Protein chains: 2
Amino acid sequence: MASTSYTDSILLFGDSLTQAWSDGSLAQRMSEYYMRRCDIVNRGFGGYNSDWALPVFEQVFATKEAREKGYAQQVKLITIWLGANDATLPDTPQYVPADRYKSNLVKLVQLVKDPSSAYHSPETEIVLINAPPIIESAWVEARVEKWKSFGSEGPKPEQNRDKKVTKQYADAAIEVAKEQNVEVVDIHSAIIEAAGGEEAEQLKPYFYDGLHLTSEGYAVLFKALSSLIVSKYPELNPETMPMRMPHWADVDLANPNEAFEKVKKGRLAGEL
Amino acid sequence: MASTSYTDSILLFGDSLTQAWSDGSLAQRMSEYYMRRCDIVNRGFGGYNSDWALPVFEQVFATKEAREKGYAQQVKLITIWLGANDATLPDTPQYVPADRYKSNLVKLVQLVKDPSSAYHSPETEIVLINAPPIIESAWVEARVEKWKSFGSEGPKPEQNRDKKVTKQYADAAIEVAKEQNVEVVDIHSAIIEAAGGEEAEQLKPYFYDGLHLTSEGYAVLFKALSSLIVSKYPELNPETMPMRMPHWADVDLANPNEAFEKVKKGRLAGEL
């Protein structure tokens, strides 16, 4: 939406964990947090791994040229949350080897940070989020239930994940963040810490199928992400960001249009 | 956010009833409904009346020229939800006389529908939403509680609304919709019907302060709005709209980029 009054956005990029718009999801929580300050743009694609995320990124992130000409919102911050699908077992369709997962994350970061990239955006803060822990038993049960609900056609689904492998990918994202000098939310550790351990019974409240987060799981993420934003990027603290359009009680009743005209003068260059 | 993969949007325009991004709010429900199909853009401004909405609209709705050049998303549908603040009592700051409220709504509709308007957008469906009922006693109590929470400074708030007046404005929006040949969601009647009456005790589950909707209140709205969309604008039924980017299981593993390249060829003209 070309909008003259909301020139800023925060882009949530990733897989199904990002895609969710349910009550208490990351997107819902962030939208409420930045209400009237900044648009939250959800570019989560369920099931996608980092191989597929690369060509998709080039379609969902505006080019430097488009942004500089004012045809696109500034992306003040991007969360890149991938790894949960890369970490499926070898010989399954979503699997990406850990080394390539790491190099894909580096490529994504460099698309934004490299001055020679067509997508170079120095004003965009980058936050990686790593793969959460999984509950192996709950995940394979959920897969079998889904297969049954579709009439048990085709082979019965088997386990396609391993919690130790997921942990390796979670660690890999932290390594990339350090090497690339970008921030990371270690949701993998944060959920285990909140749960008091990584046993199935301990992790249960945070996952509805052993892989995807409940509102309680997203609450742990939102707390970590919003704390990171406030401490590392105080200019992105919504409490200190200007509200788009004045508070209604601040509108001068004798001359109401003045308040809106002031905003109008700040129109994006590319808006016609 | 200039995005090549999401060329369509639905714009929610209005006051605080639109602004909310809480669990179960209109914006959250619509975002989940249109997940990966279409962006939901929230342009709700708490406290605003239809007088103030007019200059603001011109800043949040892209011009015809910008859209035709491909610099802006198409707005497939706009909800215009105003009236709750216009219907405050005369001599209070948000009050707009009913006649001017009606002519403001007509102006908003014509900004989109009139071929000579700079904001003309024939592809945009327009749905008006009228003011919900209110619980007078709960609203004045909420105002007083808020005043107390801020240290009881200034004069004690008095009642600034009347349920019969709100009903007049709700009827006025329906009249405008008929005259202008656009659709309307009569949330005023729908909530009273769902509640089984308009007594305070009956309406209570639908309002948290006598004016603003609970998730249960928004559920009534969402049911009415989504039913209207499916019946009147079948092309906007998310179940039949193409998903942006293919389902992960449809990606050809031997040649994964082909799926994304196909989308790329459909890039917006104005994207660089």
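The helix-only estimate of mean residue ellipticity at 222 nm for the protein assembly as shown, built from DSSP H runs of length n ≥ 4 each weighted as -39500 (n - 2.57), is -12500 deg cm²/dmol after division by the residue total.
The same position B:MET241 in the other copies lies at 2.4 nm from this copy, comparing label points 7 Å beyond Cα toward the beta-carbon, shortest first. Between this copy and the others, label points of B:LYS204 are 3.5 nm apart in ascending order, each placed 7 angstrom from Cα in the Cβ direction.
Each Cα pair under 8 Å and six or more residues apart adds its separation to the average, and for segment B:8-264 the resulting relative contact order is 19 percent.
Spin-label model, A:GLU179/B:GLU68: points 7 Å from Cα along the beta carbon direction are separated by 5.1 nm.
Residue order by solvent-accessible surface for B:THR214, B:THR79 is B:THR214, B:THR79, largest first, with ligands and nucleic acids left out and a 1.4 Å probe. Computed with every protein chain present, the accessible area of A:ASP99 is close to 120 Å² [probe 1.4 Å]. Based on the reciprocal of the average 1/r between different C-alpha atoms, the Kirkwood radius for chain B equals 20.0 Å.
Counting Lys and Arg as +1 and Asp and Glu as -1 over every other residue whose Cβ lies under 14 Å from the Cβ of A:MET35, the net charge comes to -1. Close amide H pairs (under 5 Å, H built 1.01 Å from N) link A:GLU125 with A:LEU77, A:ILE78, residues at least 5 positions away or on another chain. Under the convention that each Lys and Arg Cβ holds +1 and each Asp and Glu Cβ holds -1, the size of the dipole of segment B:161-222 around its Cα centre is about 140 debye. With 0.36 nm allotted per residue and the present C-alpha distance subtracted, the A:LYS164-A:LEU253 stretch has 25.8 nm of extension available. If both residues of a DSSP beta bridge must be in the protein assembly as shown, then about 5% of such bridges are antiparallel.
Calculate how many DSSP beta bridges within chain A are antiparallel, expressed in % of all such bridges and rounded to the nearest 5.
Around 5 percent antiparallel, to the nearest 5.
Heavy-atom accessible area buried between chains A and B is around 5400 Å² (1.4 Å probe, both sides summed). Backbone phi angles across segment A:118-128, fed through the Karplus curve with coefficients 6.51, -1.76 and 1.60 (θ = phi - 60°), yield HN-Hα couplings of 5, 9, 3, 9, x, 7, 9, 7, 10, 10, 7 Hz in residue order; Gly and Pro are listed as x. Charges were assigned to the Cβ only: +1 to each Lys and Arg, -1 to each Asp and Glu. The resulting dipole of segment A:148-272 about its Cα centre is roughly 240 debye. Separation of segment A:83-141 and segment B:26-86, taken as the distance between their Cα centroids, equals 33 angstrom.
Please give the net charge around B:ASP99, taking every other residue with its beta carbon less than 15 angstrom from that of B:ASP99, where Lys and Arg add +1 and Asp and Glu add -1.
-2
Over all other residues within a Cβ to Cβ distance under 13 Å of B:LYS232, the charged ones net out to -2, with Lys and Arg as +1 and Asp and Glu as -1.
Here the Karplus curve 6.51 cos²θ - 1.76 cosθ + 1.60, taken at θ = phi - 60°, turns the phi angles of segment A:71-80 into couplings of 8, 9, 5, 6, 9, 6, 7, 10, 9, 10 Hz, with x standing for Gly and Pro.
Residue by residue, segment A:201-207 carries 3J(HN,Hα) couplings of 5, 6, 7, 3, x, 9, 9 Hz when phi is fed to the Karplus relation 6.51 cos²θ - 1.76 cosθ + 1.60 (θ = phi - 60°); x denotes Gly or Pro.
Remark: label point of B:SER103 defined 7 Å out from Cα along the Cα-Cβ vector; separations to the same position in other copies 6.8 nm, ascending.
Charge dipole of segment A:8-264 (Cα centre as origin; +1 on each Lys and Arg Cβ, -1 on each Asp and Glu Cβ, all else neutral): 340 debye, rounded to the nearest 20. Amide H to amide H distances under 5 Å link B:VAL184 with B:LEU128, where only residues 5 or more positions off or on other chains count and H is placed in the peptide plane. Could you tell me whether the protein assembly as shown comes out rounded, prolate or oblate from its Cα gyration tensor? Rule is a ≥ b ≥ c as square roots of the eigenvalues, rounded for a/c under 1.5, then prolate if a/b exceeds b/c, otherwise oblate. Because a/c hits 1.5 or more and a/b exceeds b/c, the protein assembly as shown counts as prolate.
The values are calculated or read from the model by the stated rules, or taken from the named source; none is laboratory data. The shown structure was predicted, so the numbers you read here are calculated from the model rather than taken from an experiment. Cβ sites come from the backbone with ideal geometry, for glycine too, and all protein chains shown count toward neighbours. These area figures cover heavy atoms from the full protein model, side chains too; ligands, DNA and RNA do not enter into them. Shrake-Rupley method; radii C 1.70, N 1.55, O 1.52, S 1.80 Å.
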